[in-house]
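Trainee: Let me give you the structure first, and then I'll get to my questions.
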Amino acid sequence: MIPKKHQTMPRPSALAALAISIDLMPVATAVIEPDTGRFVYANRHFTEEWLTKSARDLSTLIHKDDRPGITALLHAGLERLLPAENTMIRVPLQDGAVRWAQLHIQSFQPETAPSTHLLVVQLIDVTADKRRLDDVIAREVRWNSALVSSVSGVWDHHYAINRKYYSAIWRQIRGMEIDDPLPSSKEEWLSLLHPDDVEPTLHAMARQEDGDPAYQVFEYRERHKDGHWVWIECRGACIERAPDGRALRVVGTDTDITERKLAQHKTLQVSRRLEMALAISGVGVFEADLISGAVDWDDRMHEIYGVPQDEAIRVGETWENFLHPDDKLVVLQNVAGNTQHNQCFSDQYRIVLRDGRERVVRSCSMTFTDTDGHLKLVGANWDITEDVALQRELERAKSLAEARNADLESARSRIEHNALHDYLTTLPNRRYLDEKLAQLAETCTQSGEALGVLHLDLDRFKQINDTLGHNAGDAVLRHAAKVLRDIVRSDDFVARIGGDEFVLLSRFNGNPRKLAQLADRIIKQLRQPVICEGRDCRFGASIGIAWAAGQQIDAKQVLLNADIALYRAKNNGRNRHEFFSDATHREILDNKRLSDDILRALERGQFFPVYQLQFDARTLDICGVETLARWRHPEHGILSPDRFIPTAEEIDAMAIIDGLILEQSLVDFDHWQSENLLIPKLSVNVSYRRLRDPGLINKLRRLPIKPGQLSFELLESTFLDNCEDGVTQTLESLKKLGIALEVDDFGTGHASIVSLMRLSPQVLKIDRQLVKHVPDSSEQAKLVGAIVEIGKALGIRVVAEGVETMQHAHILRDLGCDELQGYALARPMPAAEIPAFIRKAAWRNDH
């Protein structure tokens with residue numbers, strides 16, 4: 001019952017009827033006003049279990065953190081919108097603790113007082129249930145945390161209710177996402193196991209379900225989602241059985257032990273290698289416990305000392321009895337002394353075997369304190385009897401050698417000469433050059449003279465060596481050495497520093513033009529043909545010149561500068577000389593920087609293809625597309641091939657770039673075909689170095705290339721008249737693969753008609769420089785027309801490049817060109833822009 005000040009019902013008869021109903025309820029029940037939450041009436045259970053003197057209304061009864069939610073419920077009750085509602089609340093106690101209660105609140109309107117609106121409240125004590133729930137949650141959190149920390153995946157096979165559970169870690173071990181489907185059947189799961197593990201795993205699972213302790217843990221391999229094998233350690237046990245003994249529930253964990261298995265495998269490898277090394281070397285290993293007297297010898301120790309495997313080895317007896325009487329005292333003293341100092345020591349002594357044979361043994365030993373606190377001696381012995389005999393033989397040979405000291409002195413002189421001279425040309429070698437360079441630099445510094453360095457490289461030497469053989473190459477080198485000896489002054493120095501390179505050192509006074517005159521004489525003389533094995537060999541020389549004078553001459557830098565100048569001479573056309581200059585140095589540095597950028601670009605995938613469409617000259621239908629390489633440089637933007645090809649060829653990177661561009665273009669071409677874009681063929685530029693790759697044909701066979709789909713564009717200036725036999729064979733193999741050949745930039749080189757017929761290309765591409773002036777030069781038009789006639793006579797299609805205007809297109813069509821390519825019809829564009837361009841067909845609007 002509520003105190004009278006809380007009984008605010010306007011109709012006592014209605015309250016009395018309500019009170020009778022509430023008093024009969026077996027749970028704590030009260031009536032409250034929805035606007036204030038004040039208690040109107042409460043039964044005995046509510047009054048005894050929940051009400052306190054300070055509780056005037058529902059809000060003051062419950063915990064302050066729960067009041068906002070209850071206030072919202074009361075407001076809903078005031079609007080008569082409150083359905084039956086259950087919620088969990090806290091009721092604070094005087095000692096600071098709280099009780100948890102299930103609150104049930106529902107709107108109520110007495111039939112005898114229709115204008116009266118009340119709320120009926122029931123409280124059920126759920127404190128014990130809440131504590132048990134919190135305890136379960138805490139234990140589950142601890143269990144899950146322990147599983148996550150142990151990196152084990154949990155599985156639970158509840159056969160009784162046909163339910164299987166697999167934790168997130170279990171899926172993670174196999175590379176599965178949380179939403180990935182599980183194998184739909186046991187057979188499907190078995191297909192993921194390693195073939196060698198299927199039967200053992202099935203057996204182990206059956207024994208594990210039967211409760212066999214030997215199979216509580218077993219291992220097997222399962223295929224990871226990424227394709228590799230994962231070693232899994234399965235731990236499980238049956239926790240529930242049917243009356244007939246059948247397993248109703250089996251739970252366990254799976255752990256990824258792949259790294260452990262790999263470590264075991266590596267340990268086994270190391271052990272095998274160590275065992276093999278010991279076996280090959282004949283080293284025997286021993287360990288002796290100096291406290292307990294236990295000794296362990298391996299098989300090779302037994303072999304060295306001739307002791308049977310089953311004979312017990314004793315400290316202070318077995319090994320000591322084998323020591324030679326003359327060595328025994330010294331050896332034992334050495335062991336005793338080093339044992340006290342706990343340091344590694346070695347020794348060499350003689351032993352006498354039981355059959356009377358004498359052997360020489362070398363030992364290396366050390367002491368350590370084991371985990372059991374015992375002092376132990378571990379070491380290795382190996383039989384060096386043969387080594388000692390060999391050493392004695394060497395000592396006798398040394399005595400004989402010393403007796404022939406005069407001969408050795410003569411031999412030393414010859415060896416020194418050979419060490420400082422080239423065996424082929426008898427010129428000084430690189431080692432001698434370094435010594436002489438330092439001497440001359442010091443001499444010039446003291447005398448005030450200048451030091452000149454000429455670095456010479458023979459032109460076309462490699463071609464002579466490859467085509468005429470090494471004998472011809474050797475003859476050329478000897479001839480070059482003779483020419484240099486004959487031309488230089490007696491106090492000049494000439495050396496062959498390797499391959500076809502020579503260096504000349506010369507002191508001079510006055511103008512360095514003297515060095516240029518010397519270089520010209522050398523070049524002129526080396527141009528003269530040399531007869532090798534009845535054939536004329538023609539070659540030349542490129543020379544880099546550097547010089548220095550003053551109080552401090554950096555000899556090595558002068559030599560390096562000459563090498564840089566030689567590099568420029570070879571790049572500027574060969575058979576010439578160049579002086580080192582700051583501009584030359586900057587050029588070399590720039591080229592080095594560009595080389596590094598190209599190699600980084602290959603690593604970072606910065607090379608990509610763009611495409612320029614080719615059109616039928618008469619119908620303007622698309623008849624092909626040419627692949628053009630581009631470089632997405634991080635600093636300079638998109639670079640065209642003329643910015644990087646020369647340097648890429650120097651560093652042998654062009655063949656790699658060609659291969660990358662080809663592979664990507666084939667992918668793009670297949671994509672266009674899948675979109676039903678009618679592009680008949682794809683042409684790709686190929687470098688000479690790429691064609692010299694002996695593995696090119698096999699690489700192409702592995703690519704998805706259909707016959708007639710692909711053509712290679714070859715530079716006329718590079719291929720036609722100077723084609724190596726190996727490259728010619730490669731070109732023939734390309735034709736057999738169905739890859740067409742096209743001659744690019746035709747008209748700028750000096751190819752003969754004969755060589756053109758020998759190559760038998762399908763297409764000639766007229767260079768843009770010849771096409772450029774066709775509209776305003778009748779001579780140029782005639783020249784293009786003549787090329788077209790050559791192509792038609794040889795059955796070769798003719799493509800005009802550089803078609804910049806529609807006027808070009810009309811003239812070239814009338815001249816008989818088969819195909820057109822140029823900005824007037826289509827600019828080079830990325831692969832993604834090709835479909836939209838073709839569908840729009842804008843080039844036809846300009847026709």
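The values are calculated or read from the model by the stated rules, or taken from the named source; none is laboratory data. Everything numeric here is computed off the predicted structure, so don't read it as measured data. Here the Cβ is made from the backbone with ideal geometry for all residues, glycine too, and neighbour counts use every protein chain on show. Side chains included, ligands, DNA and RNA excluded: accessible areas come from the protein's heavy atoms. Shrake-Rupley method; radii C 1.70, N 1.55, O 1.52, S 1.80 Å.
Trainee: Starting from the stretch 93-108, keep only residues that are within 16 Å of residue 21 (Cβ to Cβ) and open to solvent by 60 Å² or more (accessible area, probe 1.4 Å), then list their pairs with residues that are part of a strand (DSSP E or B) and acidic (Asp, Glu) whose Cβ atoms are within a distance under 8 Å, requiring at least 6 positions of separation or different chains.
Mentor: 106/85
Trainee: Here are some conditions: (1) open to solvent by 50 Å² or more (accessible area, probe 1.4 Å); (2) closer than 30 Å to residue 494 by Cα; (3) touching a residue at least 60 places away in the same chain (Cβ under 8 Å). Residue 580 meets all but one. Which one does it not meet?
Mentor: It fails just one condition, (3).
Trainee: Restricting the search to the stretch 660-684, which residues are small (Gly, Ala, Ser) and either outside any helix (DSSP H, G or I) or open to solvent by less than 10 Å² (accessible area, probe 1.4 Å) (or both)?
Mentor: The answer is 665, 683.
Trainee: Return yes when residue 365 is open to solvent by 70 Å² or more (accessible area, probe 1.4 Å), among the small types (Gly, Ala, Ser) and within 50 Å of the chain's Cα centre (by Cα) and no when it is not.
Mentor: no
Trainee: Mind checking which residues of the stretch 515-553 are in contact (Cβ under 8 Å) with a residue 40 or more places away in the chain, open to solvent by 70 Å² or more (accessible area, probe 1.4 Å), at negative phi and not in a strand (DSSP E or B)?
Mentor: Scanning the stretch 515-553 gives 520, 525, 527, 538, 551, 552.
Trainee: Any idea which of 753, 766 is in contact (Cβ under 8 Å) with a residue 24 or more places away in the chain and more than 16 Å from residue 614 (Cα to Cα)?
Mentor: 753
Trainee: Within the stretch 437-464, which residues are open to solvent by 10 Å² or more (accessible area, probe 1.4 Å), assigned to a helix (DSSP H, G or I) and farther than 19 Å from residue 528 by Cβ?
Mentor: Selection gives 438, 439, 440, 442, 443, 445, 446, 447, 462.
Trainee: Being surrounded by fewer than 16 Cβ atoms within 10 Å (Cβ to Cβ), modelled with pLDDT under 85 and of a type in the set (Lys, Arg), is that true of even one residue in the stretch 603-617?
Mentor: No.
Trainee: Report yes if residue 392 is free of Cβ contacts under 8 Å to residues at least 12 places away in the same chain, closer than 19 Å to residue 303 by Cα, open to solvent by 90 Å² or more (accessible area, probe 1.4 Å) and out of contact with any strand residue (DSSP E or B) (no Cβ under 7 Å at 6 or more places or on another chain), otherwise no.
Mentor: Considered against the rule, which asks whether it is free of Cβ contacts under 8 Å to residues at least 12 places away in the same chain, closer than 19 Å to residue 303 by Cα, open to solvent by 90 Å² or more (accessible area, probe 1.4 Å) and out of contact with any strand residue (DSSP E or B) (no Cβ under 7 Å at 6 or more places or on another chain), residue 392 comes out as no.
Trainee: List every residue pair whose Cβ atoms sit under 7 Å apart, with the two residues 6 or more apart in sequence or on different chains, where the first one lies in the stretch 782-805 and is in contact (Cβ under 8 Å) with a residue 24 or more places away in the chain and within 17 Å of residue 615 (Cβ to Cβ) and the second, anywhere, is outside any helix (DSSP H, G or I) and aromatic (Phe, Trp, Tyr).
Mentor: Sorted first by the residue in the stretch 782-805, then by its partner, the pairs are 804/823.
Trainee: Quick one: residue 292 ticks every box in (1) without any contact (Cβ under 8 Å) to a residue 60 or more places away in the chain; (2) over 27 Å from residue 167 (Cβ atoms); (3) open to solvent by 60 Å² or more (accessible area, probe 1.4 Å) bar one, so which box is it?
Mentor: (1)
Trainee: Given the structure, is residue 771 in contact (Cβ under 8 Å) with a residue 12 or more places away in the chain and aliphatic (A, V, I, L, M)?
Mentor: Considered against the rule, which asks whether it is in contact (Cβ under 8 Å) with a residue 12 or more places away in the chain and aliphatic (A, V, I, L, M), residue 771 comes out as yes.
Trainee: Turning to a different aspect of this structure: Looking at the stretch 791-847, which of its residues are open to solvent by 70 Å² or more (accessible area, probe 1.4 Å) and within 24 Å of residue 677 (Cα to Cα)?
Mentor: Within the stretch 791-847, 797, 823, 827, 832, 833, 839, 840, 844, 845, 846, 847 qualify.
Trainee: Ok, one more. Can we say residue 285 is among the hydrophobic types (A, V, I, L, M, F, W, C), outside any helix (DSSP H, G or I) and at pLDDT below 90?
Mentor: yes
Trainee: Filter the stretch 386-410 for residues that are within 25 Å of residue 359 (Cβ to Cβ) and not charged (D, E, K, R); which is farthest from the chain's Cα centre (by Cα)?
Mentor: 397
Let's see how each residue does on (1) of a type outside the set (Phe, Trp, Tyr); (2) without any contact (Cβ under 8 Å) to a residue 40 or more places away in the chain; (3) outside any helix (DSSP H, G or I):
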{"residue": "153", "(1), (2), (3)": "yes, no, yes"}
{"residue": "164", "(1), (2), (3)": "yes, yes, yes"}
{"residue": "171", "(1), (2), (3)": "yes, yes, no"}
{"residue": "179", "(1), (2), (3)": "yes, yes, yes"}
{"residue": "182", "(1), (2), (3)": "yes, yes, yes"}
{"residue": "188", "(1), (2), (3)": "yes, yes, no"}
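Trainee: Out of 251, 230, I need the residue that is touching a Ser or Thr at 6+ places or on another chain (Cβ under 8 Å) and part of a strand (DSSP E or B). Which one?
Mentor: Residue meeting the stated conditions: 230.
Trainee: Confirm whether residue 255 is among the hydroxyl-bearing types (Ser, Thr, Tyr) and either surrounded by 11 or more Cβ atoms within 10 Å (Cβ to Cβ) or under 29 Å from residue 158 (Cβ atoms) (or both).
Mentor: For residue 255, the condition - among the hydroxyl-bearing types (Ser, Thr, Tyr) and either surrounded by 11 or more Cβ atoms within 10 Å (Cβ to Cβ) or under 29 Å from residue 158 (Cβ atoms) (or both) - is met.
Trainee: Something else about it: Of everything in the stretch 211-239, what is exposed (fewer than 13 other Cβ atoms within 10 Å of the Cβ) and under 20 Å from residue 159 (Cβ atoms)? Give them in sequence order.
Mentor: The answer is 212, and nothing else.
Trainee: Say whether the condition of being of a type in the set (Phe, Trp, Tyr) and at pLDDT below 90 is met by at least one residue in the stretch 489-509.
Mentor: Checked the stretch 489-509: at least one residue is of a type in the set (Phe, Trp, Tyr) and at pLDDT below 90.
Trainee: Of all residues being open to solvent by 40 Å² or more (accessible area, probe 1.4 Å) and in contact (Cβ under 8 Å) with a residue 24 or more places away in the chain in the stretch 465-484, which is nearest to residue 519 (Cα to Cα)? Just the residue, please.
Mentor: 479
Trainee: Is the stretch 441-461 home to any residue that is modelled with pLDDT under 85 and touching a Cys at 6+ places or on another chain (Cβ under 9 Å)?
Mentor: Looking through the stretch 441-461, none of the residues is modelled with pLDDT under 85 and touching a Cys at 6+ places or on another chain (Cβ under 9 Å).
Trainee: What is the residue count in the stretch 696-711 for residues that are assigned to a loop (DSSP other than H, G, I, E, B) and open to solvent by less than 20 Å² (accessible area, probe 1.4 Å)?
Mentor: 1
Trainee: Another question, if that's okay. Within the stretch 61-75, how many residues turn out to be closer than 16 Å to residue 30 by Cα and assigned to a helix (DSSP H, G or I)?
Mentor: 4
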